[in-house]
Amino acid sequence: MIKTALYTSLLIIYCGNLNAQTDYEKEILTFQSDLNAEYKNPEESPLTLEEIEQFTTHTFYPIDENYRVKASFERIANPITIDFQTSSGVVKKYDTYALAKFELFGKPYQLTVYQSQSLREIPEYKDYLFLPITDYTSGLETYGAGRYIDLRIPEGDTIIIDFNKAYNPFCAYSPNYSCPIPPENNDLKTEIKAGVLSPISHRN
């Protein structure tokens, strides 16, 4: 009886952990599916009609929950306006909003989180934050000019950064877009093997 009860308890714990992991994987798979749907939609996609016909899916790193980190969110008291260089040479203005500090595989990192001056005037995006990054995979396994992560202003002093949701800017697929280039302070001195891979493999 004791062995049966112990086995049942362990099974419940195992199943609980399995369900939690499955829920997280489902969240990331939904993100990936939505991103693919965007690129298949002629009204949203940066791809040409011919490319849309050939497009099936982006190539992603395997889902790894280790790349979902809880960061301290330190709001910047006196924001600075940054002129972001872009892929087309057009300058876009962003304000520094906060510093996100976190650990990844036991090592500390810091990223600057930005807010678009134009987007915050749109009610739908007034709490939208912009996190551009590069890392040691940039130009090798991932897009050389970096990737983006969408964030929203949190209520408290922490924020979740999920690198499994890192995606390529539109200019990775078309020269018709002007995409901000991540600044040097957001170049992570590590490999971020999560999120979308190089656009070279965006078609099967």
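The values are calculated or read from the model by the stated rules, or taken from the named source; none is laboratory data. Note that the coordinates shown come from a computational prediction; the quantities given were computed from them, not determined experimentally. All Cβ positions, even for glycine, are placed from backbone atoms using ideal geometry, and neighbour counts span all protein chains on display. Keep in mind that these areas ignore ligands, DNA and RNA; they rest on the heavy atoms of the full protein, side chains included. Shrake-Rupley method; radii C 1.70, N 1.55, O 1.52, S 1.80 Å.
Between Y24, Y114, P42, the Cα set farthest toward the positive side of the dipole of the stretch 20-129 (charges on each charged residue's Cβ, about the Cα centre) is that of Y114. Within the listed set E38, E74, E124, the Gaussian network model of the chain (springs between alpha-carbon atoms below 10 Å) gives the highest mean-square fluctuation for E124. Accessible surface of the chain, 1.4 Å probe: 54 percent of it comes from carbon and sulfur atoms. Remark: the stretch 51-66, residue by residue, has Karplus-estimated 3J(HN,Hα) of 5, 4, 4, 8, 5, 10, 6, 6, 9, 10, 5, x, 5, 9, 5, 4 Hz, where x stands for each Gly or Pro and the curve is 6.51 cos²θ - 1.76 cosθ + 1.60 at θ = phi - 60°. Among N66, P123, G89, which residue has its Cα positioned farthest towards the positive end of the charge dipole of the chain, with +1 placed on the Cβ of Lys and Arg, -1 on the Cβ of Asp and Glu, and the dipole taken about the Cα centre? Among N66, P123, G89, the one farthest towards the positive end of the dipole of the chain is N66. Dipole check for the stretch 150-204: with +1 at the C-beta of Lys and Arg, -1 at the C-beta of Asp and Glu, and the Cα centre as origin, the magnitude is about 320 Debye. For K70, a cut-off of 26 angstrom between C-alpha atoms picks up these lysines, skipping any fewer than 8 places away in its own chain: K26, K101, K107, K126, K165, K189, K193. How tilted is helix 2-40 with respect to the longest principal axis of the chain? Cα atoms for both, answer in degrees (0 to 90, nearest 10). Computed tilt is about 20 degrees.
Taking amide H positions as modeled 1.01 Å from N, with prolines and chain starts lacking one, the residues under 5 Å from T137 and 5 or more places away or on another chain are I192.
Kirkwood Rh, Cα Rg: Rg to Rh for the chain?
Working: Rg = 19.4 Å, Rh = 18.7 Å.
With Rh from the inverse mean 1/r over Cα pairs, Rg/Rh is 1.04.
Treating the beta-carbon of each Lys and Arg as +1 and of each Asp and Glu as -1, no other charges, what is the dipole magnitude of the chain about its Cα centre, to the nearest 20 debye? Intermediate results must be reported in sequence, preceding the final value.
On the way: 18 positive and 28 negative charges, 102 e Å.
Its charge dipole is roughly 500 debye.
Excluding ligands, DNA and RNA, the accessible surface per residue across the stretch 60-202 is 50 Å² with a 1.4 Å probe. For S178 and D23, the FRET efficiency from 1/(1 + (r/R0)^6), where r spans their Cβ atoms and R0 equals 41 Å, is about 0.65. Between the listed residues Y167, P180, P154, the Cα displaced farthest toward the positive end of the dipole of the chain, a dipole computed from Cβ unit charges relative to the Cα centre, is found at P154. Length gained on full extension, K40 to R120: 26.0 nm, using 0.36 nm per residue less the C-alpha separation.
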